[in-house]
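Here is the structure we will look at.
What follows draws every value from the coordinates through simple rules; no lab data is involved. Treat the numbers as computed from the prediction; the structure is a model and nothing was measured. Every residue, glycine among them, receives a Cβ derived from its backbone with ideal geometry; neighbour counts consider all protein chains shown.
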Amino acid sequence: MTPLGWAIMVMSIGTVLTLLTFCLYKVFALPQMDVEESLHGPGNIDTEDTLDAD
Amino acid sequence: MVSASCGTPAAWGGVSATAAIGGSLSNPQTWLAASEADILQSVGRLRDHVNYASYLKRNDDVVLSGLTSTSMNEFFEVCLGGLITLPAAFMFIGPVLLSKYAGSTFSLGFIALPGVFDKMPGGQFFGFIWFFMLFLAAITSSISMLQPVIAFFEEGFGLKRHASAAILGMLTAGGTGFVVYFSKETLALDTLDFWIGTFLIYVLAMLQTFVYGWIFGIERGEAEAHVGAHIRIPRAVQYLLKYVTPVYLLVIFVAFCWTNLPGKIDEILAKPVALASVIFIGVLLVFLMVLVRIAGIRWAKEGRYDRVDAQGELLEEGV
């Protein structure tokens, strides 16, 4: 591979990796939250689509 | 995870974009395919994100969580997937044969990669692992793409989940049945793959950036995004979305239409199956647009739009 190819590959992958590292750092550095308050996954969402299903 | 990612359209798209057409950077189709590979992972996924974001509360963070999931997805699928698939296919198959397969992302994955496994020790085992992981990745990806349609039928037409799933099943059976019936040389699949998976997803990305930057507006977009956000989006990104991204996409699109579109149309006209595939796409597109229109009228009658003012702001707090 040519030096230009290496430069482009390192720059592009390095950029994505840096962004990913930054994001993960910010996510894990967040203060702890009350799970009950912040969590509202499928168990807490009532789409009402199973009511009177038949 | 990495192995499964290598089998995704994004990885193949990037590979085909690079290897395709001799990798000529002067060919707009190379840029179209490369952009599609990236768009598929970011803007293209918006169709899912719009649906899932509608289940969030108003003060939930979208910026950091969205950026984290997107960058992680980009790293695994595009970076690692491309790094593994492209050199392997290049080394085992060679540039001449690779360019033969590169016109279709499907061909590259399902014809070129078995050639790679054929020449490596324990190829049958690794080939099984590879395609099994690809199967799992496809299943989860399919569910995430089909769920928004089920939600549309449920909320747009007031249907129960059974009915929504049944209608969606009929629609998808029609599409897959068409591909299976016209399976010779995978012409129908390749045609649908290009016009939907590359061309129309690119058009969708253009529309989305145009709507965000010029209709919704970057001021409102920035304010809306920062409600409950854990990080701030640099101001420059808004200008990038308003001025640079639409121009970039538009230039490639116009160049593609100018250079490659006449040839593509000739190809379609020369092959009845390809023509039928394009007509199939058109009919389905019109059908879905009619459904969206009917759902919109139904929502208007129910007064759902009464909660939104002329600028699109919620008049009452959303749930």
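Here's the list of lysines a cross-link from B:K184 could span, going by alpha-carbon distance under 22 Å and ignoring same-chain residues fewer than 8 apart: B:K100, B:K264, B:K271.
Net charge dipole, the stretch B:113-187: roughly 80 debye, given to the nearest 20, about the Cα centre with Cβ charges of +1 for Lys and Arg and -1 for Asp and Glu. For B:K301, a cut-off of 26 angstrom between C-alpha atoms picks up these lysines, skipping any fewer than 8 places away in its own chain: B:K57, B:K160.
Comparing B:S277, B:G197, B:Y239 along the charge dipole axis of the stretch B:168-319, the residue lying farthest to the positive side is B:S277, per the Cβ-charge model. A simple rule links phi to the HN-Hα coupling: the Karplus curve 6.51 cos²θ - 1.76 cosθ + 1.60 with θ = phi - 60°, which for the stretch B:252-269 gives 5, 5, 5, 4, 5, 4, 6, 8, 9, 4, x, x, 5, 5, 4, 4, 5, 5 Hz, with x for Gly and Pro.
The alpha-carbon positions of the stretch B:110-265 define a convex hull whose volume is 230 Å³ per residue.
Neighbour counts of C-beta atoms inside 10 Å place B:W299, A:W6 in the sequence A:W6, B:W299, starting with the fewest. Site pair B:S65 and B:M91 shows an inter-label distance of 4.0 nm when each label is modelled 7 Å from Cα along Cα→Cβ.
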